[in-house]
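The values are calculated or read from the model by the stated rules, or taken from the named source; none is laboratory data. It should be emphasised that the depicted structure is a prediction, and the values quoted were computed from it without experimental measurement. As a convention, Cβ positions derive from the backbone with ideal geometry for all residues, glycine included, and neighbour counts pool all protein chains shown.
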Amino acid sequence: MASPAGSVAGDNHQVDKQPKPKGRNRLSEVFSTYGLAVVFVLVLVVFSLLKPASFLSAANIGNILTSQSVTALLAFAVMMPLTTGRFDLSIGYHVGMAQVLVIGLQVNNNLSWPVAAAIVIVIGLVVGLVNGILVTRFKIDSFIATMGMGSLLYGVSNWYTDGQQIAGFDLPDSFTGITQVIGHVPLPAVYVGVVAIILWVILERLPAGRSLYVIGSNARAAELSGIGVARCVTATLIASGVLCALAGVVLASILRSGTPSVGPEYLLPAFAGSLLGATSIRPGRVNVGGTLLAILILAFSFSGVQQLGAPFYVEYFFNGGILIIAVALSVYAGIRRRKAAVAANT
């Protein structure tokens, strides 16, 4: 006769062998991967029905893609350090300084716009390098280091402009033309697409991208695997600085003036887009496709709300709420991803 313990063990063995509900798990996995795409389609359908004459008009889509190109570039700037678990809080002030310098170097210093843009991009690279040194060599937390750097950049912007706006009345057509619409395609959207492809190749197809994600998951394990953590972290912050500079050039061409205070307002939507993007496509980690989808959802949703008559300050509630939700969902997706990895190894 089998003992009670043996009977229980046998029953447990039989229970373990019972098939798991794969259909439900598969549906959950599909939704977590493509959830943002579904939400984006729903946003387009709902607001198209509510505002059929204007929401999906060529003019409205062109305006959205042009205005959100800066936010998308800055979301990529946020995304790169986040792959290694670091923050860059200087991006808002950085893009503001870059935009001011692009205009100022042309208006006040009579430089051609390609030279002005090149100088600004080099400065962006240097700013990113300094951030990297502060974080990796001096071991300052990225939150504190980049926040301090942002304050310094804001001071430079106000010093250069004396706190005043630089009007770009005589900017060349070749400069303002880099953000025009050609054949119903806004050029800023093309720049975002090119940057997205480059970053996608780096993060998803090259060993360097996998190294960044390993660092973000477990920096100590990355070091033991021979990955140069300090070098990779610095590289992501340099990439962030260059992307901020590029966004500043695009913003300057759109606004055609230099305003020191224009940059900080981009910080919240950029972080919201990047963190919300971490909940889809590659749930649990920041990624290019998810970031683009998140930016499009935020942009088209707010445009639809505006067309329904919402006041301007709703944008702040919108971005703040989305950021909180995005962080919560990103953390939840990361926990699920780790549990799935543990389950697969057992």
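Assessment of the stretch 69-82 against the conditions (over 30 Å from Asn218 (Cβ atoms) and of a type outside the set (Ser, Thr, Tyr)) yields at least one matching residue.
Let's see how each residue does on (1) within 23 Å of Glu29 (Cβ to Cβ); (2) touching a strand residue (DSSP E or B) at 6+ places or on another chain (Cβ under 9 Å); (3) surrounded by fewer than 19 Cβ atoms within 10 Å (Cβ to Cβ):
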site	(1), (2), (3)
Pro283	yes, no, no
Phe302	no, no, no
Gln306	no, no, yes
Pro311	no, no, yes
Glu315	no, no, yes
Ala326	yes, no, no
Val331	yes, no, yes
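Taken over the stretch 221-277, the criterion of being farther than 17 Å from Met147 by Cα and not in a helix (DSSP H, G or I) is satisfied by Ser225, Gly226, Ile227, Gly228, Arg256, Ser257, Gly258, Thr259.
The rows are residues; the columns are (1) at pLDDT 90 or above; (2) of a type in the set (S, T, N, Q); (3) assigned to a helix (DSSP H, G or I).
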{"residue": "Val30", "(1), (2), (3)": "no, no, yes"}
{"residue": "Ser67", "(1), (2), (3)": "yes, yes, yes"}
{"residue": "Met79", "(1), (2), (3)": "yes, no, yes"}
{"residue": "Asn110", "(1), (2), (3)": "yes, yes, no"}
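Within the stretch 241-259, does at least one residue satisfy the condition of being under 24 Å from Ile178 (Cα atoms), buried (at least 23 other Cβ atoms within 10 Å of the Cβ) and either in contact with an Asp or Glu (Cβ under 6 Å, 6 or more places away or on another chain) or without any contact (Cβ under 8 Å) to a residue 60 or more places away in the chain (or both)? No, the stretch 241-259 contains no residue that is under 24 Å from Ile178 (Cα atoms), buried (at least 23 other Cβ atoms within 10 Å of the Cβ) and either in contact with an Asp or Glu (Cβ under 6 Å, 6 or more places away or on another chain) or without any contact (Cβ under 8 Å) to a residue 60 or more places away in the chain (or both).
Please tell me if Cys232 is under 28 Å from Ala98 (Cα atoms), touching a Gly at 6+ places or on another chain (Cβ under 6 Å) and not hydroxyl-bearing (Ser, Thr, Tyr).
No, not satisfied.
Restricting Leu42, Leu36, Leu74 to residues that are assigned to a helix (DSSP H, G or I), under 17 Å from Ala326 (Cβ atoms) and modelled with pLDDT under 95 narrows the list to Leu36.
Given the residues Leu153, Leu125, which is the only one that is among the aliphatic types (A, V, I, L, M) and either crowded, with 18+ Cβ neighbours inside 10 Å or at positive phi (or both)? Full working, then the answer.
Working: Leu125 fails: either crowded, with 18+ Cβ neighbours inside 10 Å or at positive phi (or both).
From the options Leu153, Leu125, the qualifying one is Leu153.
Can you tell me how many residues in the stretch 260-278 are of a type in the set (A, V, I, L, M, F, W, C), buried (at least 21 other Cβ atoms within 10 Å of the Cβ) and farther than 20 Å from Val156 by Cβ? Adding up the residues that qualify gives 6. Every condition in (1) in a helix (DSSP H, G or I); (2) touching a residue at least 60 places away in the same chain (Cβ under 8 Å); (3) aliphatic (A, V, I, L, M) holds for Ala341 except the one numbered (2). Please count how many residues of the stretch 184-217 are free of Cβ contacts under 8 Å to residues at least 60 places away in the same chain, in contact with a helix residue (DSSP H, G or I) (Cβ under 9 Å, 6 or more places away or on another chain) and not in a helix (DSSP H, G or I). Summing the residues that are free of Cβ contacts under 8 Å to residues at least 60 places away in the same chain, in contact with a helix residue (DSSP H, G or I) (Cβ under 9 Å, 6 or more places away or on another chain) and not in a helix (DSSP H, G or I) in the stretch 184-217 gives 1.
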